[in-house]
Amino acid sequence: MQSIRTTFRSLSRSAVIVGTVLALGIAGCSTASDEATSTSDDVAVGGRLFSTADSATAALGSDAEPGQFPRTVVHSRGETTIEQQPQRVVVLDSGEIDQVLSLGVTPVGIASPKDASSQPAYLKDQLADIQTVGTTSELNFEAIAALNPDLILGSKLRVDESYDQLSQIAPTVLSIRPGFPWKENFLLTADALGLEGKAVEVLNEYQTHVDAVRETIDGSPEISLVRFMPGRTRLYGNLSFIGVILKDLGLSRPEIQNIDDLAVEISPENIADANGDWIFYSTYGKPEATEQDNILSNELWHNLPAVQEGHALEVNDESWFMGLGPLGANEVLNDIENILGS
C-alpha cells in the first residue's frame with residue numbers, strides 16, 4: 001500500500017477521490033525560507049511564504065504506511081522522527097487546531113491567536129477546557145513542557161525561531177504557513193498523528209458536503225469576495241481558503257478574482273470591480289481602521305447591481321477568510337447553502 005505522501009505526488013492540488021480510498025497529498029516546498037516569526041496579520045494579508053507554499057509542500061510528510069510507527073516526517077524545518085502514535089499533542093496555530101479536532105484528537109494544550117478568548121468562535125466550545133500555553137506570538141515554554149507532550153504541531157510562519165526550543169520538549173512538526181494550502185496542511189498533520197485513514201474519511205465527508213450543497217444551487221452564480229482590512233481592501237482569488245471552497249463548488253468568479261493568487265487590492269474608487277451576482281464581504285480587525293464605512297456608504301457601492309438586488313451580504317470573517325481546516329470549511333458550506341441553496 002502506498003502512503004498518502006507517495007500517492008499524492010501523482011495528483012493535483014485540489015484532487016479529492018470519493019470512495020473506499022482517497023489520496024490527496026501535500027503540495028508545497030521541502031524547506032521554507034529562513035524568515036522571522038510572523039504574526040496573525042501576516043496570515044491575514046498573505047504575507048511571507050505564501051507565494052511558494054503550494055508548490056513547496058510536495059516533499060513534506062512521511063513514507064510510512066498508515067498507522068505505522070516509528071515514522072520520520074519531513075516538514076518545513078527538516079525531519080522529525082516520531083517513535084509512537086502521539087497521545088498528548090500541543091498545538092500552536094489555529095489551522096492545526098482545526099485539523100486535529102477534525103481528526104477526533106483533543107489536544108492537551110493550545111496557543112491562542114491573541115489571548116485565551118481569541119480562538120475562532122466556531123471552535124470555542126471544543127476548546128473550552130483545554131489549557132492555553134501562551135499566544136502564537138508569545139509561547140509559554142514552561143507550560144508546554146509541563147504538559148509532557150509527545151508531539152507539537154504548528155507552522156513555520158509562526159514559530160520558526162522557537163523550533164529548536166520546542167524540539168527539545170517533544171518531536172515538533174511544522175507546516176510552512178497556516179491556511180494555505182489547507183487540505184495539504186491537514187494531511188501533514190494527519191501524517192504526524194498516524195491518522196491517514198481518518199483524514200481520508202474527513203476529506204471524503206467534506207467532498208460529499210460540497211456535492212450536496214452544489215445540488216441546491218441553481219446555475220453558477222458569480223461570487224465576489226471583498227474583505228476590508230486596515231490600510232487595504234481586497235478581492236480574494238482562487239488560492240484563498242474561501243476561494244478553494246468556491247472552486248470545489250464549481251461556482252464562477254469575476255474575472256479580476258479568477259486568479260491563482262490569494263487576492264488583489266483595490267482602492268475605494270474602483271469598488272465597481274467587486275461586482276458579481278453575489279458579493280460576500282467581511283472585515284478583518286477594527287472596522288474603523290478600514291475603508292468599510294467609507295465604501296459601504298458610498299454611491300459607487302450602492303450603484304452595484306448586486307447591492308441593488310440585495311445580493312451583497314456580510315459574512316463571518318473568522319470562518320470565511322481565517323478558517324483554516326475542514327471544520328471551518330464545513331461552516332462556510334453551511335452558510336453558502338443557507339444563502340444560495342434553493
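Could you check, for region 327-339, whether at least one of its residues is modelled with pLDDT of 95 or more, among the polar types (S, T, N, Q), farther than 21 Å from LEU123 by Cβ and not in a loop (DSSP other than H, G, I, E, B)?
no
Restricting to region 138-158, give me the number of residues that are aliphatic (A, V, I, L, M) and surrounded by 24 or more Cβ atoms within 10 Å (Cβ to Cβ).
So the answer is 5.
Could we say that SER297 is within 17 Å of PRO178 (Cβ to Cβ) and among the hydroxyl-bearing types (Ser, Thr, Tyr) here?
no
Hey, can you tell me all the residues within region 65-77 that are under 17 Å from GLU184 (Cα atoms) and not polar (S, T, N, Q)?
Answer for region 65-77, where residues must be under 17 Å from GLU184 (Cα atoms) and not polar (S, T, N, Q): PRO66, VAL73, VAL74, HIS75, ARG77.
Among the residues of region 314-342, which ones are among the small types (Gly, Ala, Ser) and either over 17 Å from the mean Cα position of the chain (by Cα) or surrounded by fewer than 19 Cβ atoms within 10 Å (Cβ to Cβ) (or both)?
GLY341, SER342
Cβ-Cβ distance below 9 Å, separation of 6 or more or different chains: which pairs start in region 171-197 with a residue that is on the phi > 0 side of the Ramachandran plot and end on one that is among the hydroxyl-bearing types (Ser, Thr, Tyr)?
Hits for this filter: GLY179/SER94; GLY179/SER155; GLY179/SER240.
Determine, yes or no, whether ASN298 is in the same structural domain as ILE279 (by TED's automatic domain parsing) and under 23 Å from PRO230 (Cβ atoms).
yes
With respect to VAL173, determine if the residue is modelled with pLDDT of 90 or more, buried (at least 19 other Cβ atoms within 10 Å of the Cβ) and in contact with a His (Cβ under 7 Å, 6 or more places away or on another chain).
Against the criterion (modelled with pLDDT of 90 or more, buried (at least 19 other Cβ atoms within 10 Å of the Cβ) and in contact with a His (Cβ under 7 Å, 6 or more places away or on another chain)), VAL173 qualifies.
What number goes with the only condition from (1) under 17 Å from the mean Cα position of the chain (by Cα); (2) basic (Lys, Arg); (3) modelled with pLDDT of 95 or more that ARG77 does not pass?
The number of the failed condition is (1).
Tell me yes or no: at least one residue of region 238-250 is under 24 Å from SER94 (Cα atoms) and in contact with an Asp or Glu (Cβ under 8 Å, 6 or more places away or on another chain).
yes
Of all residues in region 107-156 being closer than 20 Å to ARG177 by Cα and among the basic types (Lys, Arg), which is modelled with the lowest pLDDT?
Residue satisfying both the conditions and the ranking: LYS114.
Filter region 263-295 down to the residues that are closer than 24 Å to ILE339 by Cα and touching a Leu at 6+ places or on another chain (Cβ under 9 Å) and list them by number.
ALA263, ILE271, ALA272, ASP273, ALA274, ASN275, GLY276, TRP278, ILE279, PHE280, TYR281, SER282, listed by residue number.
If the Cβ limit is 8 Å and pairs must be 6+ apart or interchain, which residue in region 138-163 that is assigned by TED's automatic domain parsing to the domain that holds GLY179 and without any contact (Cβ under 8 Å) to a residue 24 or more places away in the chain pairs with which residue that is surrounded by 18 or more Cβ atoms within 10 Å (Cβ to Cβ) and part of a strand (DSSP E or B)?
ASN140/VAL133; ASN140/GLY134
Being of a type in the set (S, T, N, Q) and touching a residue at least 40 places away in the same chain (Cβ under 8 Å) is true for just one of GLN131, GLN99, GLN126, GLN119. Which residue is that?
Going through GLN131, GLN99, GLN126, GLN119 in turn, the sole match is GLN99.
Criterion first (in a helix (DSSP H, G or I) and at pLDDT below 95) does LEU101 satisfy it?
Answer is no for this residue.
Being within 25 Å of ILE97 (Cα to Cα), modelled with pLDDT under 95 and in contact with a Pro (Cβ under 9 Å, 6 or more places away or on another chain): is that true of LEU324 here?
Judged against the criteria, LEU324 is a match.
Would you mind listing the strands (runs of 3 or more DSSP E) fully within region 125-190 where at least 1 residues are closer than 13 Å to ARG77 by Cβ and in contact with a Phe, Trp or Tyr (Cβ under 6 Å, 6 or more places away or on another chain)?
Per the criteria, no element qualifies.
Which ones in region 72-83 are within 17 Å of PRO149 (Cβ to Cβ) and assigned to a strand (DSSP E or B)?
Passing the criteria: VAL73, HIS75, THR80, THR81, ILE82.
The values are calculated or read from the model by the stated rules, or taken from the named source; none is laboratory data. Treat the numbers as computed from the prediction; the structure is a model and nothing was measured. With ideal geometry, Cβ positions are generated from the backbone for all residues, glycine too; neighbour counts draw on all protein chains shown.
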